[in-house]
Amino acid sequence: RIAWRTVGAIITRVWADTEKLHDPFAGLTRIGIDEVSFKRGRKFLTVVVDHDSGRLVWAAPGQDKATLGTFFDALGAERSALITHVSADGAAWIASVVAARCPNAVRCADPFHVVKWATEALDEVRKAAWTEARKQARLNESRTVGRPVHDAPARPHSEHAKLMMNSRYALWKNPENLTEKQQIKLAWVVHTNPALGRAYYLKEGLRLVFKLPRDEAAEALDKWVGWARRSRIPSFVKLQRSIVKHRAAILASIEHGLSNGRIESVNTKIRLLTRIAFGFKSPDALIALAMLSLGGHKPALPGRD
């Protein structure tokens, strides 16, 4: 029988007392940086996670250089120099701050986000193919008012457009996870639309780069860039420029085996806490709740061992 604002204030005070008893930055050498949405209207928290312990180290509202800069201000120049590895997505604002504040750190590009770029480029090609199939259906097939009669002849262009629309998951999923029906759909797509087939194989080629040893991966990545450059598929020609830009970070993630997997796990838990904390009026209360739950420094409750 108390207000949510009061609950948030209590949690914020408890975390403030708990924080004084611990050093959240102790032994910090390998970190992951990401952002997570906590409210409508593009409201984000920037979060930092310790790769070695998996605990949430720091969080603050915002998604820009200034926000991340406050983390390194709190960390201090001496401790920032001890950071050896930083994993993140390809966001330029993260890369620029890390380069300026962590001179000794190796930046690792998260493999999931890199493959996601390829999946998004593939989906652009799929949508363009679907749009073209619908256009051909409108041009080549006469349309009647109402439902077609039971024995109406097949409309091949409309069927083609429908099959193309339903090919999304066959193209998105990894080959080893495809059902038999999806394998048939994928074979049909490759046969009927060579450009979309090339886009699919480009996506899969980039995904397989991350399964190779570092030296082999470097050679395979260079070959992939040349393949994408010559593909005449605009979305992949654009993507290869990003891959070239982040080449060193991509190879570093393969060499050191770092990804944002731990950070994504923490983000999922923060989203759950966001649902629990729907009545909080301030992000400070949500951050306090997240730090108490995921920071590894839970307070000692009265009467508990």
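The values are calculated or read from the model by the stated rules, or taken from the named source; none is laboratory data. From a predicted model like this one, the values you see are computed outputs, not experimental measurements. Ideal geometry is used to build each Cβ from the backbone, glycine not excepted, and the neighbour counts take in all protein chains shown. Heads up: the accessible areas ignore ligands, DNA and RNA and are worked out on the full protein's heavy atoms, side chains in. Shrake-Rupley method; radii C 1.70, N 1.55, O 1.52, S 1.80 Å.
Working from Cα positions, state the angle (0 to 90°, nearest 10) between the long axis of helix 214-229 and the longest principal axis of the chain.
50 degrees
Figure the gain on full extension for T70 and R5 (residue separation times 0.36 nm, minus the Cα-Cα span) and round it to one decimal in nm.
20.8 nm
Simple spin-label model, 7 Å along Cα-to-Cβ: A195 to N177 in nm?
It is 2.8 nm.
Excluding residues fewer than 8 places away in the same chain, name every one of the lysines whose C-alpha is closer than 24 Å to that of K43.
Leaving aside lysines fewer than 8 places away in the same chain, those within reach of K43 are K65, K116, K269, K281.
Explain nothing, just the number: dipole magnitude of the stretch 205-278 about its Cα centre with +1 on each Lys and Arg Cβ and -1 on each Asp and Glu Cβ, in debye rounded to the nearest 20.
On the way: 15 positive and 6 negative charges, 90 e Å.
So the magnitude is around 440 debye.
Within 10 Å, count the other beta carbons around each residue, average over each peptide in 241-251, 12-22, 29-39, and list them highest first.
Packing order, densest peptide first, comes out as 29-39, 241-251, 12-22.
Please compute the net charge surrounding F112, taking Lys and Arg as +1 and Asp and Glu as -1 over other residues with Cβ under 9 Å from its Cβ.
-2
If we count every other residue with Cβ under 13 angstrom of W58's Cβ, Lys/Arg +1 and Asp/Glu -1, where does the sum land?
-4
Is the stretch 9-62 rounded, prolate or oblate when judged by the Cα gyration tensor, a ≥ b ≥ c being the square roots of its eigenvalues, rounded requiring a/c under 1.5 and prolate requiring a/b larger than b/c?
Verdict is oblate for the stretch 9-62.
Put a dot 7 Å past each Cα toward the Cβ at R13 and D222; how far apart are the dots in nm?
Result: 6.3 nm between the two label points.
Whenever you get a sec, compute what percent of the accessible area on the chain sits on carbon and sulfur atoms (1.4 Å probe).
Exposed carbon and sulfur together represent 55 percent of the surface.
Compute the orientation-averaged projected area for the chain from the convex hull of its Cα atoms and round it to one decimal in nm².
So the Cα hull casts an average projection of 23.5 nm².
Measure off 7 Å from each Cα along the Cα-to-Cβ vector at S265 and Q136, then give the distance between these two points in nanometres to one decimal.
Spacing of the two 7 Å Cα→Cβ label points: 4.7 nm.
Provide the gained length on full extension for the span R275 to K20, in nm with one decimal, where the gain is 0.36 nm per separating residue minus the Cα-Cα distance.
89.0 nm
With every protein chain kept in place and ligands, DNA and RNA left out, what is the accessible area per residue of the chain? Probe 1.4 Å, answer in Å². The partial results should precede the final answer.
Working: 17470 Å² over 305 residues.
Roughly 57 Å² per residue, with all protein chains present.
Looking at the square roots a ≥ b ≥ c of the eigenvalues of the Cα gyration tensor of the stretch 1-126, which shape do they give, rounded for a/c under 1.5, prolate if a/b is larger than b/c, or oblate?
Numbers: a/c = 2.29, a/b = 1.25, b/c = 1.84.
It is oblate, given that a/c is not under 1.5 and a/b is not larger than b/c.
Is there a quick way to get the dipole size of the chain? I mean about its Cα centre, with the Cβ of Lys and Arg at +1 and of Asp and Glu at -1; what is the value in debye to the nearest 20?
Around 1300 debye, computed over the chain.
I'd like the orientation of helix 234-245 relative to the chain: the angle between its Cα long axis and the longest Cα principal axis, in ° from 0 to 90, rounded to 10.
Rounded to the nearest ten degrees, it is 30.
Choose one of A81, H113, L251: the residue whose Cα lies farthest towards the positive end of the charge dipole of the chain (beta-carbon charges +1 Lys, Arg; -1 Asp, Glu; about the Cα centre).
Highest projection toward the positive end goes to H113.
If you take the beta carbon distance between A81 and R214 as r and set R0 to 22 Å, what does 1/(1 + (r/R0)^6) give as a FRET efficiency, to the nearest 0.05?
0.30
Suppose R0 equals 30 Å; then what is the FRET efficiency for R247 and A187 from their Cβ-Cβ distance, rounded to the nearest 0.05?
Details: r = 33 Å, r/R0 = 1.10.
Calculated transfer efficiency: 0.35.
I'd like to compare 289-295, 52-58: which one has the highest average count of other Cβ atoms within 10 Å, and what's the full order after that?
Result, highest mean Cβ count within 10 Å first: 289-295, 52-58.
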